[in-house]
Amino acid sequence: MELSERQKKIVEIVKADGPITGEKIAGRLDLTRATLRPDLAILTMAGFLDARPRVGYFYTGKTGTELLTKEIRKYIVKDYQSVPIVIKEDESVYEAISTMFLEDVGTLFIIDEDHHLTGVVSRKDLLRASLGKQDLNDVPVHIIMTRMPNIEVCERDELLIEAAKKLINKEIDGLPVVKKTRNGYDVVGRITKTTITQVFVELVSSKHI
Ligand code: ADP
């Protein structure tokens with residue numbers, strides 16, 4: 001959150017002389033208490049200042065970055081995941097390309113007969129497969145997919161920031177959200193770079209920071 005010049009001044013005053021009453025802060029800035037009230041409310045709500053009845057305002061010692069970090073750690077995968085698009089591993093590369101267009105996604109998750117995750121196919125995987133001479137109807141998608149155990153996954157209760165780190169570290173566009181079963185992973189959701197971008201935009205309009 002970007003503080004206004006006046007809000008920055010208030011923080012400086014409280015930092016230097018807190019605990020200090022709203023009245024005194026107003027006096028120092030040559031403003032009325034009423035004029036200052038919205039700024040004090042914002043600074044308290046955002047966590048920069050704390051207010052104690054009959055004592056006044058004091059500085060919490062938290063920087064904007066600390067407060068932002070705290071806010072970001074409230075974002076959990078399950079609240080932001082989108083619907084995963086899956087296809088069976090014996091479907092053809094042609095079918096995979098059609099599904100990608102129809103569903104408007106960049107990553108497909110590949111599953112076996114038991115609906116367990118066995119691989120991932122990206123746009124470039126499909127482009128690469130299309131460069132060959134084979135008929136794409138005859139090539140099963142499991143031939144070209146990135147397969148388990150090399151698939152990076154995340155779980156519903158994981159922090160979204162941890163999922164974002166996996167996307168960056170592995171240089172990939174998407175992660176399957178999985179639920180562990182006895183013999184593998186069920187695919188229950190999808191986290192992509194778009195998910196993270198949406199949250200980034202949402203943070204700016206968040207009333208909490
Ligand atoms: P693109 O290749 O279209 O740019 P990605 O960057 O997501 O898309 O994929 C790069 C490579 O990583 C591809 O070969 C893809 O199969 C593989 N890949 C994609 N997602 C994952 C994942 N979650 N875990 C492991 N490998 C993945």
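So the values come out like this:
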{"quantity": "Reach of Lys78 by Cα under 19 Å, taken over aspartates and glutamates that are not fewer than 8 positions away in the same chain", "calculated": "Glu152, Glu155, Asp157, Glu158, Glu162, Asp173, Asp186, Glu202"}
{"quantity": "Global geometry of region 113-190, whether rounded, prolate or oblate, following the gyration tensor of its Cα atoms and the 1.5 cut on a/c", "calculated": "oblate"}
{"quantity": "Relative contact order for the chain, counting Cα pairs under 8 Å that sit 6 or more residues apart, in percent", "calculated": "19 percent"}
{"quantity": "DSSP-loop trypsin sites (Lys or Arg not before Pro) across region 162-197, with at most 11 other Cβ within 10 angstrom", "calculated": "Arg182"}
{"quantity": "Over 30 Å (Cα to Cα) - which of Lys88/Lys166; Lys15/Lys70; Lys74/Lys193; Lys88/Lys124; Lys15/Lys165 fall in this group", "calculated": "Lys15/Lys165"}
{"quantity": "Rounded to 10°, Cα long-axis angle of helix 33-45 versus longest principal axis of the chain", "calculated": "30 degrees"}
{"quantity": "Within the chain, helix-based [θ] at 222 nm, where runs of 4 or more DSSP H residues each add -39,500 (n - 2.57), nearest 500", "calculated": "-12500 deg cm²/dmol"}
{"quantity": "Per residue accessible area of the chain, 1.4 Å probe, in Å²", "calculated": "61 Å²"}
{"quantity": "Nearest 10 degrees, 0 to 90: helix 93-103 Cα axis against the chain principal axis", "calculated": "30 degrees"}
{"quantity": "Cα lying deepest toward the dipole's positive end in the chain, options Val141, Ser122, Ile13, charges on Cβ", "calculated": "Ile13"}
{"quantity": "Accessible surface of Tyr75 - all protein chains present, 1.4 Å probe, nearest 10 Å²", "calculated": "20 Å²"}
{"quantity": "Dipole in debye (nearest 20) - region 90-209, about Cα centre, beta carbon charges: Lys, Arg +1; Asp, Glu -1", "calculated": "540 debye"}
{"quantity": "Spherically averaged projected area in nm², based on the convex hull that wraps the Cα atoms of the chain", "calculated": "15.7 nm²"}
{"quantity": "Most to least accessible of Met148, Met1, Met100, Met45 (protein chains only, probe 1.4 Å)", "calculated": "Met45, Met1, Met148, Met100"}
{"quantity": "Where His116, His142 fall by accessible area, highest first, once all protein chains stay in place (1.4 Å)", "calculated": "His142, His116"}
{"quantity": "GluC sites (Glu not before Pro) within region 41-117: DSSP coil, no more than 12 neighbouring Cβ in 10 Å", "calculated": "Glu113"}
{"quantity": "Carbon plus sulfur fraction of accessible area for the chain, probe 1.4 Å, in percent", "calculated": "52 percent"}
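The values are calculated or read from the model by the stated rules, or taken from the named source; none is laboratory data. Since the structure is predicted, the reported quantities are computational estimates derived from the model, not experimental observations. Heads up, the Cβs are rebuilt from the backbone with ideal geometry, glycines too, and the neighbour counts pull from every protein chain shown. When the accessible area is computed, the model is the full protein with side chains, heavy atoms only, and any ligands, DNA or RNA have been set aside. Shrake-Rupley method; radii C 1.70, N 1.55, O 1.52, S 1.80 Å.
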